[in-house]
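Below is one structure; the comments refer to it alone.
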Amino acid sequence: MKAVVVGAGVIGAACARALAQAGIAVTVLERGAAASGTSAACEGNLLVSDKSPGPELELALFSTRRWGVVAAELADELGAGFPSIEYDRKGGLVVCCAAAGATALQDLGNRQRACGVLVERLHPAEARVLEPDLTGDVVAAAYYPQDAQLQPTAATEALLASARRAGAQVFTGEEVIGPRRRADGTLCGVATRSGGYDADIVVNCAGPWAGAVATSLGVELPVLPRRGMILVTTRMPPRIRHKVYGDDYVNATQSADAMLQTSTVVESTAAGTVLIGSSRERVGLDPRTDMAVAAQIARKAVALFPFLAETTVLRSYAGFRPYMPDHLPVIGPDPRLPGLYHVAGHEGAGIGLSIASADLLLAQVTGSSMPYDGTPFAVDRPSLAIHLQRAA
Ligand SMILES: Cc1cc2nc3c(=O)[nH]c(=O)nc-3n(C[C@H](O)[C@H](O)[C@H](O)COP(=O)(O)OP(=O)(O)OC[C@H]3O[C@@H](n4cnc5c(N)ncnc54)[C@H](O)[C@@H]3O)c2cc1C
């Protein structure tokens with residue numbers, strides 16, 4: 001079987017690796033450079049803590065287990081000469097500074113625990129043992145030992161390198177512009193600016209551009225860009241030990257609001273910088289960063305970690321989360337165009353969910369047993385029906 005994977009972000013890389021390792025002849029087509037889209041303009045958190053009970057949490061729990069295995073496999077396969085993906089199961093700390101949020105935080109923790117999430121309710125003093133520089137204003141906290149972190153660009157590159165070792169070919173500077181069809185109209189590959197590629201299956205992993213790629217192939221997919229901004233400090237000795245975020249972050253991830261929202265997410269990196277996020281706003285594909293948004297993000301972060309007021313922000317960047325109207329990714333075959341699969345729309349969790357998404361795709365393509373229930377992620381699920389008007 002021949003597969004074309006469109007897009008060399010973390011999702012395309014994970015899918016290419018899974019398919020190639022199963023013996024499928026994989027060609028990855030990326031219009032820019034590898035890992036040049038959202039996977040290079042995000043943070044690398046692998047979180048279960050921010051997911052409410054439901055299909056996304058199940059996907060996250062599965063993926064977080066799988067990332068532990070895959071991180072070790074990549075290290076073994078690629079050797080010490082390859083840049084580390086900086087996988088670190090450092091744990092997540094969610095804090096709340098207003099009494100009103102404490103009950104909601106506890107309630108979420110209880111419901112997550114019933115689904116298999118490890119969560120410990122902490123007294124504010126216990127939270128400050130974990131994070132000594134935390135503000136004294138914390139009134140409630142929860143610790144999530146399953147939360148992890150990695151370096152997303154390095155992880156994407158490592159997954160691609162592993163896919164290549166399994167036989168995948170990766171072509172950059174190759175933009176997919178339409179389908180290749182047989183005389184009877186069925187899909188048999190893609191057309192690119194420089195020609196085209198034959199394939200039995202085409203996997204749309206174009207992240208925030210997955211809607212545009214779908215349209216070019218003849219079907220609608222309601223993926224929208226949701227811009228997010230991050231601030232990066234200069235390097236410093238480690239003072240933030242976990243992934244730390246305010247309880248407002250969970251609401252922001254689940255919100256469908258197109259207007260600007262900021263919530264506090266802070267973590268240090270292996271390089272010694274601190275990443276401070278983040279914002280969410282639907283402003284199309286406008287890549288500009290905004291000083292007013294940066295100031296709002298910074299103010300909230302300083303409220304959580306007062307010492308950050310004394311640090312220098314070295315740079316800021318913005319990326320586009322691939323937003324879906326029902327907040328679930330699409331993973332699977334498109335019934336409107338046999339041979340087309342989508343693995344897209346992971347919004348703010350695509351790094352974390354990449355491995356589980358690739359595992360499900362592989363099972364669907366090869367007809368092997370499903371690693372988990374894929375029904376909630378199907379293209380033809382009821383919650384997407386009104387968005388999927390155009391048939392191939
Ligand atoms: C500020 C911010 C913070 C985030 N933090 C986290 C986090 O902590 N944890 C987490 O799990 N997720 C996080 N995310 C979300 C995560 O970054 C995305 O879900 C993930 O990177 C999506 O990966 P992807 O491979 O689908 O998309 P991308 O990385 O964007 O890859 C898609 C690729 O397709 C290519 N492409 C597009 N059109 C074509 C075409 N016609 N032909 C060929 N190639 C094409 C693009 O060039 C691009 O390289 C964050 C996102 C943002 C914006």
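Kirkwood hydrodynamic radius of segment 185-245, from the reciprocal of the average inverse Cα-Cα distance over all distinct pairs: 15.6 Å. For segment 6-68, the normalised intensity computed at q = 0.12, 0.24, 0.25 Å⁻¹ comes to -0.40, -1.05, -1.06 (log10 of I(q)/I(0), Debye sum over alpha carbons, equal scatterers, no solvent). Accessible surface for segment 113-162, divided over its residues, is 39 Å² per residue with a 1.4 Å probe. Listed by chain and number, the aspartates and glutamates whose alpha-carbon sits under 14 Å from that of residue 90, ignoring those within fewer than 8 places in the same chain, are 131, 147, 267. Each helix, a run of at least 4 DSSP H residues, gives -39500 (n - 2.57); summed and divided by the residues of the chain, these come to -9500 deg cm²/dmol at 222 nm. Taking amide H atoms as placed 1.01 Å from N in the peptide plane, the amide H of residue 149 lies under 5 Å from those of 46, 88, 89, 90, each 5 or more residues away in sequence or on another chain. Ranked by the mean number of other Cβ atoms within 10 Å per residue, highest first, peptides 239-248, 111-120, 362-371, 267-276 order as 239-248, 267-276, 111-120, 362-371. Rounded to the nearest whole Hz, the Karplus-based 3J(HN,Hα) values (6.51 cos²θ - 1.76 cosθ + 1.60, θ = phi - 60°) of segment 226-237 follow the sequence 10, 6, x, 10, 10, 9, 10, 7, 5, 6, 8, x, with x at glycine and proline.
The angle between the Cα long axis of helix 10-21 and the longest principal axis of the Cα atoms of the chain comes to about 50 degrees, rounded to the nearest 10. Here the relative contact order of the chain, from alpha carbon pairs under 8 Å that lie six or more residues apart, stands at 22 percent. Dipole magnitude for segment 1-102: about 180 debye, using +1 per Lys or Arg Cβ and -1 per Asp or Glu Cβ, origin at the Cα centre. Once the Cα atoms are used to define both axes, helix 99-113 deviates from the longest principal axis of the chain by about 50 degrees.
Could you state the number of Å between the C-alpha centres of segment 1-21 and segment 123-172? If we compute the Cα centre of each part, the gap is 23 Å. For residue 342, the residues whose amide H sits under 5 Å from its own are 204, 332, 334, ignoring neighbours fewer than 5 places away on the same chain, with H placed 1.01 Å from N. In the context of the full set of protein chains, residues of segment 177-313 present 41 Å² of accessible surface per residue (probe radius 1.4 Å, heavy atoms only). When Rg and the Kirkwood Rh are both derived from Cα coordinates, the Rg/Rh ratio for the chain amounts to 0.97. Backbone phi angles across segment 27-40, fed through the Karplus curve with coefficients 6.51, -1.76 and 1.60 (θ = phi - 60°), yield HN-Hα couplings of 10, 9, 10, 10, 6, x, 9, 4, 6, 10, x, 4, 5, 10 Hz in residue order; Gly and Pro are listed as x. Per residue, the accessible area of segment 320-392 comes to 35 Å² when a 1.4 Å probe rolls over the protein heavy atoms.
Per residue of segment 262-269, in order, report the coupling 6.51 cos²θ - 1.76 cosθ + 1.60 (Karplus, θ = phi - 60°) as ³J(HN,Hα) in whole Hz, putting x for Gly and Pro. Result, ordered by residue: 10, 8, 8, 9, 9, 7, 8, 10 Hz. Leaving out ligands, DNA and RNA, and with a 1.4 Å probe, what % of the accessible surface on the chain is carbon or sulfur? Its accessible area is 54 percent carbon and sulfur atoms. With the convex hull of its Cα atoms as the shape, segment 42-162 has an orientation-averaged projected area of 8.4 nm².
The values are calculated or read from the model by the stated rules, or taken from the named source; none is laboratory data. Note that this is a predicted model, so its numbers are computed, not measured. Note: ideal-geometry Cβ built from the backbone for every residue, glycine included; neighbour counts use all protein chains shown. When the accessible area is computed, the model is the full protein with side chains, heavy atoms only, and any ligands, DNA or RNA have been set aside. Shrake-Rupley method; radii C 1.70, N 1.55, O 1.52, S 1.80 Å.
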